Amino acid sequence: MPQIDKKRIITAGLVGGTIFAIVVVLFDYVFGRGFSWPRLAFYFIFGVLMYGFLTYRNFKKHNKQ
């Protein structure tokens, strides 16, 4: 069974979290909510953790088969 590559998981988490944070900020702008650095930081951290976790689960599932 191949080992799960941590570098790919971290990279996927960072890319996914960045895209998620940008999309949320764009939605906030379109709907007239003001820009907030703490909110952006929260969305970025949340996105990185979630995308990293989902990527890890996906790699783990595919390595099991």
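Each residue, W37 and I22, gets one label point 7 Å from its Cα in the Cβ direction; the gap between the two is 2.1 nm. Placing unit charges on each Cβ (+1 for Lys and Arg, -1 for Asp and Glu) gives segment 1-58 a dipole about its Cα centre, and among A21, F42, T55 the Cα reaching farthest toward its positive end belongs to T55. Overall, segment 6-64 carries a charge dipole of about 500 debye about its Cα centre when +1 sits on the Cβ of Lys and Arg and -1 on the Cβ of Asp and Glu, all other atoms neutral. For the chain, take the longest principal axis of its alpha carbons; what is the angle in degrees between that and the long axis of helix 6-30, to the nearest 10 within 0 to 90? For helix 6-30, the angle is close to 20 degrees. In segment 6-64, Cα pairs under 8 Å separated by at least six residues give a relative contact order of 51 percent. The gain in end-to-end length when the Q3 to R57 segment is fully stretched comes to 18.1 nm, 0.36 nm per residue minus the alpha carbon separation. Computed from Cα positions, the angle between helix 37-64 and the longest principal axis of the chain comes to roughly 20 degrees.
Each reported figure results from applying straightforward, stated rules to the coordinates on display, with no laboratory input. Note that the structure is predicted; figures quoted are calculated from it, not measured. Note that each Cβ is placed from the backbone with ideal geometry, even for glycine, and that neighbours are counted across all protein chains shown.
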